[in-house]
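See structure below.
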Amino acid sequence: MRQLGDTLVWLGLVVVFAGAIYITPRVANYVAAQREESARAAERDREVVLNYTPPQVHRSP
């Protein structure tokens, strides 16, 4: 009976490690894509701010 328990524990560990190896690159790609999109959005915002000219106020003498 103990052998069955040990086998199940080892099988569980193998599944956990295999899952981590399978999921880690996918999470890394997702995070990289989010950072890239954030950088692109920041660049677009910077262009909008740099191209902004405040309205001219004309006052009568």
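Quick note: the coordinates plus some simple rules give every number you see, no bench work behind them. Keep in mind it's a predicted model, so treat the numbers as computed, not measured. Here Cβ is always computed from backbone atoms with ideal geometry, including for glycine, and neighbour counts include all displayed protein chains.
Where nothing but the Cβ of Lys and Arg (+1) and of Asp and Glu (-1) is charged, how large is the charge dipole of the chain around its Cα centre, in debye to the nearest 20?
120
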Review point. Bin by bin, in steps of 5 Å, what percent of the Cα pairs in the chain do you find, going until the bin that has the longest distance?
Key: 3, 14, 8, 9, 8, 8, 8, 6, 6, 5, 5, 4, 4, 3, 2, 2, 1, 1, 1, 0, 0
Review point. Mind checking the angle between helix 2-50 and the chain's longest principal axis? C-alpha axes, 0 to 90 degrees, to the nearest 10.
Key: 10
Study note, to complete from the structure: Asserting the computed 222 nm helical MRE of the chain (DSSP H runs at least 4 long, -39500 (n - 2.57) per run, divided by residue count, to nearest 500) equals -30000 deg cm²/dmol
